[in-house]
Amino acid sequence: MGNEFLPLLYSFHFYLFGLLAIAAALAFVTRKSPVAAAMWLITTMFALAALYVMMDAQFIGVMQVLVYAGAIMVVFVFVVMLLNLGHPSEISDIRGKWGRLIAGFLGIALLAEILALTRDPMDLRLVVPVIPATVNGTGGIIGGVAGPLFREYLLAFELTSILLLIAIAGAVVLGRKRSAADAR
Amino acid sequence: MLAEALAISAVLFTIGVIGVLTRRNAIIVFMCVELMLNAVNLSFVAFSKLYGATGQVFVVFVMTVAAAEAAVGLAIIISIFRHQETVNLKDINLLRG
Amino acid sequence: MIFLSPQEPIVTGHPLADTVAQYVWLLPLLPLLGFVLNGALSMKAAAKTGPSDPSEAHHDAHGGAGADAHATHDAHVSHDDHHVVRHKYAGLVSLIGPGVLVAAFGLAIAIFAAMRSVDMAHPYVETLFRWMPVSDLKINVALQLDPLSMVMVLVITGVGALIHIFSVGYMQDDPGYPRYFAYLNLFVFFMLLLVLGANYPVMFVGWEGVGLCSYLLIGFWFSDKANADAGKKAFIVNRIGDFGFLVAMFLLFANVGTLDFSGIAANIDKLAAGGAVVTAICLFFFLGCTGKSAQIPLYIWLPDAMAGPTPVSALIHAATMVTAGVYLIARSSLLFSLAPVASLTVALVGGLTALFAATIGLKQWDIKKVLAYSTVSQLGYMFVGVGVGAYTAGVFHLVTHAFFKALLFLGSGSVIFAMHAAYHATHNHSDDAQDMRNMGGLKKHMPVTWILMWIATLAIAGIPVFSGFVSKDAILGAVFERAQGSTLAGSSLMGIPGSTILYLVYAFGLAAALLTAIYMTRMMLYTFHGPNRTGGEAESQLHEAPWIMTGPLVVLGILSAVGGWLNLPEFLPLGPHGVFDKWLEPVVGEATARVAAGGAALAPSTEQALIFTAVAIAIAGIAIAFVRLKPAALVPKKDAAPATGFAKVLEHKYYVDEAYDAAIVQPLVKGSKYILWKGVDVGIIDGLFVNGSALLARATGWIGSQLQSGQIGTYAWVLVLGVIALLGAFVRVH
């Protein structure tokens, strides 16, 4: 396998995972059962993780699998099971024909606009500070992300920790079963 | 490569939007939102290939927020389910003016 | 100087500056202090005993049950209250209430003594603090001491102190005892502010304040609706007059540029003599006077004001407040002397009121109503005096009237007190303690009151050497003198020459003097002479009032008898002549001279003829009363036949109240009810504006609330539409 095949191989896999992501996403929104939908969404996330890795964001790819597919989606499935919603409800939760049609038109309009905007020559360099993603730097793959995270974005990082703390507290308060005395 | 990645991102985002518009199951709507977040993450990663590591840092933040959102959102859904025995958005109209 | 003062008083080199007069601010402050203390005691007592405790109810000044106990003496209401207990703070209040007045009177005497020894060519003005410094309008709260305000202060604090002392006895068992003294002290505060104010706005504050206190005290026993209505009537009628006062002030400021008395005196040449402006100012001021001083056409509130406690009638509705109008004209004498038409109007209205009220007084049966109409009549005399430019005579009659009318009212209070006590002791709750038909023969039981009341009656009738004779004669003499030649006689009112009007006023005055003698003698005869009609058992209970009530009566009796010495006319060989004239000369001398210009003093023979006429008329009046009236033939009220003919008209006060009711009150009520209330208020204001705007808001809110369906799906749709629209704005078509 010569080097001349590498771009082709790369492109093939890129399209493969891209199409897989889109196909899995389509399957996700059309499933009636929440569990099936969750499974298809997890598929999308795996495909996206592959794309991340292919775009030199190996750390993010790992995080995608661990945090998204491994933690968040598990919580979703867990809630679905907890509430015993695993089976498709007798009354369909999908809107009627006209609702789907109009939603489709709206989606196409949105897509067209987004694509038109990505074609637009916008100089993003003006608004985004350039921090080179050093793969071969001293910190390795993780250092490329960790460097900016703990230097330029330290305050935001600390704030997210507070956000998480609040989210935990909120989830506990909301999820707690209320006693009769509290129910006043 | 950037253009393709952005296109995939746009398509995924639109699928998420259509899902939000057409589904009435609160959990699925929630998952559609997660899909939209993932689509945005893809854009961030794609841009980071071109412009540097900032995009990846933002992905980390988005994931954090998504985790927090999932925790609180699902807790709310559980709470509502306890009261109303349903997660169908049609039956949930506590905010009606 | 005073804690309120941010600046030194603007007094430079006035001879009074370093004397006791610098404490003039204490004069109004003392009664105010009394008001605060008594008011606090009243509220404290009211807070302690609530209506929830029936056994304590009669202590309670303000509670529903406590109000029943008020009718101890004076009122027509009869109640069985054998449990009258003095107010818990009565002792303290009895010290504070009259105490502050006695202190103020002492201070007034000291200032008076200081004033006598200096030259009072200019008033002594003490500025306390700036009140309304707005652009050109610079109004200070300033007090002015000059001979005129000194006279008023002495009368108010002196007579006021006597009436306060009398009240201690008269009101002793009233559950509202501290409240009564609080109001009375507050009244004196405002009255002193009225006469001491160095500009019209400060005077107006006092003017309104005394009106308020009058209202509060007329309706003192407010649980009886008639009393509350009388208070409201007084207040509302006075508002009409106050409107005149205000307009006069506005005109004055617009044309002269200042409202200070001294400033107006300095800029008086800005007003053209006899011009429309000064005439309008004076007429508007006089409108204020007709309200406050009960002249035609606004006199109707004063007789109703008798619903208040009798000492209140003596202080407010006879001696002080109702004379504020006379003071106002004397204070504004410079303005009135420039407006002959206004002055003639004042004199004519005064003369008409004097005669008109006197005729009504002839046929009243309520002893206080007789005195009320007598007061209206005597106020008319005072206005005749100040109207014809005899400002000294008018103010002098004010002073003597304060003496003898206060005496008459307090004496009648003493009678009512005795009558009520007698009825109370015999459990008679149906007979009216104020109706003269139920009295008679009281001289046997109340000799002191009887003698003193006769002194006052002779004084008011104008019998020589008594005070009323001197002052009333001075007024009538002045009218005659002005009629013969003065700026007034030279001008004309509505086409009638001034001299004609003045002769007419003189005739009114003489007629009123005759009627005064008749109705006063009638009152004395029916009350004190003839057989007793109280009823056998009650008669034995009649007795003289305690010394704390008769004491002030004696003092007032002496003053009524000898008050004339203050200003003896030239021809009486009894003592110093014209003391009062000389005293007031710095204040009203210039104005008097201007009015009198072109006339000559009366010849001694003419003057003696006038006096002889007046005395003859007074004696004739008394004689007619003695000859014509038969107290023995009188029957008690419950057996009396209704009056017929003209007597009935008089008894119903010419039906003026009914006429006002038909001409003004009823159209106003009907118009208010059907046009303003049902039409404008309910229809337009409530219907269109209030409910309409509410409906508009509700409709808008309903539309908005329909958008808030609570369906998150709908929100998502709207959100996506918005996103598409926003993104569309960024898309550039290539």
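Mind checking whether some residue in the stretch A:53-60 is in contact with a Gly (Cβ under 7 Å, 6 or more places away or on another chain), more than 7 Å from chain B (Cβ to nearest Cβ) and at pLDDT below 80?
Within the stretch A:53-60 (the criterion being in contact with a Gly (Cβ under 7 Å, 6 or more places away or on another chain), more than 7 Å from chain B (Cβ to nearest Cβ) and at pLDDT below 80), the answer is no, since none of the residues qualifies.
Taking the listed residues B:56, B:84, the one that is out of contact with any Lys or Arg (no Cβ under 8 Å at 6 or more places or on another chain) and within 14 Å of chain C (Cβ to nearest Cβ) is B:84, with no other qualifying.
Do you know which residues across the stretch C:523-540 are assigned to a helix (DSSP H, G or I), open to solvent by 10 Å² or more (accessible area, probe 1.4 Å) and not aromatic (Phe, Trp, Tyr)? Matches in the stretch C:523-540: C:536, C:537, C:539. When C:675, C:684, C:712 are screened for being surrounded by 12 or more Cβ atoms within 10 Å (Cβ to Cβ) and within 14 Å of another protein chain (Cβ to nearest Cβ), only C:712 passes. The residues on offer are C:243, C:220, C:235, C:253, and the sole one that is assigned to a loop (DSSP other than H, G, I, E, B) and of a type in the set (Phe, Trp, Tyr) is C:220.
Scanning for something outside any helix (DSSP H, G or I) and either touching a helix residue (DSSP H, G or I) at 6+ places or on another chain (Cβ under 9 Å) or modelled with pLDDT of 90 or more (or both), does the stretch C:97-114 turn up at least one residue? The answer is no; no qualifying residue exists. Close Cβ contacts (under 7 Å, 6 or more residues apart or on different chains) running from residues in the stretch C:665-686 that are not assigned by TED's automatic domain parsing to the domain that holds residue C:301 and assigned to a helix (DSSP H, G or I) to residues that are of a type in the set (D, E, K, R) and open to solvent by 60 Å² or more (accessible area, probe 1.4 Å) are absent. Read through the list (1) open to solvent by 10 Å² or more (accessible area, probe 1.4 Å); (2) outside any helix (DSSP H, G or I), then give the number of the only condition that residue C:389 fails. Status for residue C:389: all satisfied but (1). Kindly indicate whether residue A:112 is modelled with pLDDT of 85 or more and either aliphatic (A, V, I, L, M) or loosely packed, with under 11 Cβ neighbours inside 10 Å (or both). So residue A:112 fits the description; yes.
Exactly one residue among C:214, C:262 is in contact (Cβ under 8 Å) with a residue 24 or more places away in the chain, hydroxyl-bearing (Ser, Thr, Tyr) and open to solvent by 50 Å² or more (accessible area, probe 1.4 Å), and that residue is C:262.
The set of residues in the stretch B:62-77 that are within 7 Å of another protein chain (Cβ to nearest Cβ) and buried (at least 18 other Cβ atoms within 10 Å of the Cβ) comprises B:63, B:64, B:66, B:67, B:68, B:70, B:71, B:72, B:74, B:75, B:77. Against the numbered list (1) modelled with pLDDT under 85; (2) of a type outside the set (Phe, Trp, Tyr); (3) closer than 17 Å to residue A:66 by Cα, residue B:38 comes up short only at (1).
Of all residues being facing chain A (nearest Cβ under 7 Å) and in contact with a Ser or Thr (Cβ under 6 Å, 6 or more places away or on another chain) in the stretch B:1-42, which is farthest from residue A:76 (Cα to Cα)? Just the residue, please. The extreme case among them is B:6. Would you point out the residue of the stretch B:17-33, among those that are open to solvent by less than 10 Å² (accessible area, probe 1.4 Å) and in contact with a Phe, Trp or Tyr (Cβ under 9 Å, 6 or more places away or on another chain), that is nearest to residue A:83 (Cα to Cα)? Going through the qualifying residues, I end up with B:27.
Taken together, the residues in the stretch A:38-68 that are of a type in the set (Gly, Ala, Ser) and open to solvent by 10 Å² or more (accessible area, probe 1.4 Å) amount to 1. Determine, yes or no, whether residue C:647 is open to solvent by 50 Å² or more (accessible area, probe 1.4 Å) and in contact (Cβ under 8 Å) with a residue 24 or more places away in the chain. In short, no.
Note on the stretch A:12-30: among residues that are over 14 Å from the mean Cα position of the chain (by Cα) and within 8 Å of chain B (Cβ to nearest Cβ), the one that is least open to solvent (accessible area, probe 1.4 Å) is A:14. Of everything in the stretch C:470-490, what is at pLDDT below 85 and of a type in the set (Asp, Glu)? Give them in sequence order. Of everything in the stretch C:470-490, nothing turns out to be at pLDDT below 85 and of a type in the set (Asp, Glu). Only one entry of C:250, C:285 meets the criterion of being of a type in the set (Phe, Trp, Tyr) and either open to solvent by 10 Å² or more (accessible area, probe 1.4 Å) or under 21 Å from residue C:374 (Cα atoms) (or both), and that entry is C:250.
Among the residues of the stretch C:176-193, at least one is among the β-branched types (Val, Ile, Thr), under 20 Å from residue C:24 (Cα atoms) and touching a helix residue (DSSP H, G or I) at 6+ places or on another chain (Cβ under 8 Å). Being open to solvent by less than 10 Å² (accessible area, probe 1.4 Å), in the same structural domain as residue C:242 (by TED's automatic domain parsing) and over 22 Å from the mean Cα position of the chain (by Cα) is the requirement here; does residue C:124 meet it? Yes, satisfied. Taking the criterion of being more than 12 Å from the chain's Cα centre (by Cα), hydrophobic (A, V, I, L, M, F, W, C) and within 16 Å of residue C:310 (Cα to Cα), the residues of the stretch C:196-225 that qualify are C:216, C:220, C:221, C:222.
Does residue C:593 satisfy being assigned by TED's automatic domain parsing to the domain that holds residue C:492 and either modelled with pLDDT of 90 or more or aromatic (Phe, Trp, Tyr) (or both)? Answer is no for this residue.
Per the listing C:627, C:615, C:579, the residue uniquely open to solvent by less than 30 Å² (accessible area, probe 1.4 Å), at negative phi and out of contact with any strand residue (DSSP E or B) (no Cβ under 7 Å at 6 or more places or on another chain) is C:615. Filtering C:570, C:607, C:585 for residues that are within 29 Å of residue C:340 (Cα to Cα), out of contact with any strand residue (DSSP E or B) (no Cβ under 8 Å at 6 or more places or on another chain), open to solvent by 70 Å² or more (accessible area, probe 1.4 Å) and not polar (S, T, N, Q) leaves a single hit, C:585.
The values are calculated or read from the model by the stated rules, or taken from the named source; none is laboratory data. Just so it is clear, the model here is predicted, and its values are computed rather than measured. Cβ atoms come from the backbone with ideal geometry, glycine included; neighbour counts cover every protein chain shown. Note: accessible area is taken over every heavy atom of the protein model, side chains too, but ligands, DNA and RNA are not part of it. Shrake-Rupley method; radii C 1.70, N 1.55, O 1.52, S 1.80 Å.
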